[in-house]
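Reading through the structure tokens given below for one structure.
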Amino acid sequence: MIPILDLKRQYAQIGDKIEKEVLEVLRSGQYILGKHNQALSEEIASYIGTKYAVTLNSGTDALHLALRALDIGEGDEVISVAFTFVATTEAIGIVGAKPVFVDIDKDTFNIDAKAIEAKITPRTKAIIPVHLYGQPADMDVIMDVAKRYNLHVIEDCCQAIGAKYKGKKVGTFGDIGCYSFFPTKNLGGMGDGGLAVTNSEYLKNRMIALRNHGGAIRYHHDEIGVNSRLDEIQAAILRIKLNYIDEWNEKRRANAYKYNKLFAQYPEVQTPKELDDTYCVYHQYTVKIPNRDEVHKILQEEGIGAMIYYPIPLHLQKVHEHLGVGVGSLPNTEADTKVVISLPMFPELTEEEQKTVVSKVVEAINKTKTACCK
């Protein structure tokens, strides 16, 4: 069995440090918004390269409260993609705005930045580029369009902490960058968690108030907010893990290069493309293959933890059927959701395991070809 992710191996390396810190939090009696939350905000802001960071209870809330802080709501339109986890457009819907879908670039799985301008209307208020699988979107083009049309940019960095575009970390280009600390992420907690970064003191203060029932001062509530506080245990755990994120990202990149080399002799497997001047952190190692569903079934039977992210694009999901965006409207998105498969990817993955994964993928592809020809 080779899992898609093995958090037990990570815990074996740093579990003693985590247990020590968690025990100290438990003994302290301070479980909500204590010293670790404050320190984590400062440390991640410094790591990303922004002035401020606000800890939250999920990446979904980071996106939701970013939209709220920018006063985006009923009747507004927000441009994004249909090839992403539902949280991206869920946040748009929560504030009453309308998601407007742009197709993806066929090589990177990210928004086709050159296609954004055609979707802008007088109601467009923001763009949410998703740095999917840890690959940075084309931020130069996106920011140029946003500037010309006076649009906000909220970066969905939930899979891309540490990723860089032209030497600058993602999350620092737009108004707000949003991160998830879901356990499977490159920087994952041991429960839910999220964070937003910004260079605006106003936006920072607004999100702090919104996460705490709409008030900056206790028992003074200026607007309808939510309860989105990161608990102190998660903040303590994330502070420990933050010390390792660059090392872990480098190991992910090394594993991606090994996969690329191993797959090089198999043209039927299209490996991920890393664009010039970008630093992908490979939250997932995602390839395109023929007969994907059949191959996936065989891999599962063989004990290979391959996953399909995401089998049904959001514009074809029931939640968004009222938008009237039908089949054929996003050809690259629709094509890729039928052929992509993510293979085991984590820092502790061994070269022997990667060789096994590659051989099993190739065997499965050949089996499906044989079955088709009978």
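The values are calculated or read from the model by the stated rules, or taken from the named source; none is laboratory data. What you see is a predicted model, and the numbers here were worked out from it, not measured in a lab. All Cβ positions, even for glycine, are placed from backbone atoms using ideal geometry, and neighbour counts span all protein chains on display. The area values use the complete protein model at the heavy-atom level, side chains included, leaving out ligands, DNA and RNA. Shrake-Rupley method; radii C 1.70, N 1.55, O 1.52, S 1.80 Å.
Within the set [x] 44; [y] 23; [z] 31, the number that percent of Cα pairs over 36 Å apart takes when calculated for this structure is listed as [y]. The mean accessible area for residues of the chain, using a 1.4 Å probe and ignoring ligands and nucleic acids, is 44 Å² per residue. A 26 angstrom limit on the alpha carbon distance is what I want to check against. Which of Lys114/Lys338; Lys51/Lys147; Lys20/Lys51; Lys114/Lys258 exceed it? Listed pairs above 26 Å: Lys20/Lys51; Lys114/Lys258.
Packing order of peptides 214-223, 192-201, highest average first: 192-201, 214-223 (average count of other Cβ atoms within 10 Å over each peptide's residues). Of the solvent-accessible surface of the range 66-111, computed with a 1.4 Å probe and all protein chains present, 49% belongs to carbon and sulfur.
Secondary-structure-derived ellipticity at 222 nm for the chain, considering helices only, amounts to -12500 deg cm²/dmol, per-run term -39500 (n - 2.57) for DSSP H runs with n ≥ 4.
Cα centroid separation, the range 215-275 to the range 119-161: 19 Å. Each label point was placed 7 Å from the Cα along the Cα-to-Cβ direction; for Ile308 and Lys369 their separation is 2.1 nm. On the principal axes of its alpha carbon atoms, the range 1-56 extends 43, 32, 17 Å, with the longest extent given first. Ranked from largest, the principal axis spans of the Cα set of the range 36-169 equal 43, 33, 27 Å. Rounded, prolate or oblate: which fits the range 97-218, taking a ≥ b ≥ c as square roots of the Cα gyration tensor eigenvalues, rounded meaning a/c under 1.5, else prolate when a/b beats b/c? In terms of gyration-tensor shape, oblate. As a fraction of the 1.4 Å probe accessible area of the range 233-347, surface on carbon and sulfur atoms comes out at 52 percent.
For the chain, the membrane-span-like helices by this rule, meaning whole DSSP H stretches whose C-alpha atoms cover at least 24 Å of axis and whose Kyte-Doolittle mean is -1.0 or above, are 7-28, 351-373; this says nothing about an actual membrane.
The shape of the range 167-208 comes out oblate: with a ≥ b ≥ c from the C-alpha gyration tensor, a/c is at least 1.5 while a/b does not beat b/c. Using a probe radius of 1.4 angstrom, the carbon and sulfur fraction of the accessible surface of the range 127-202 is 48%.
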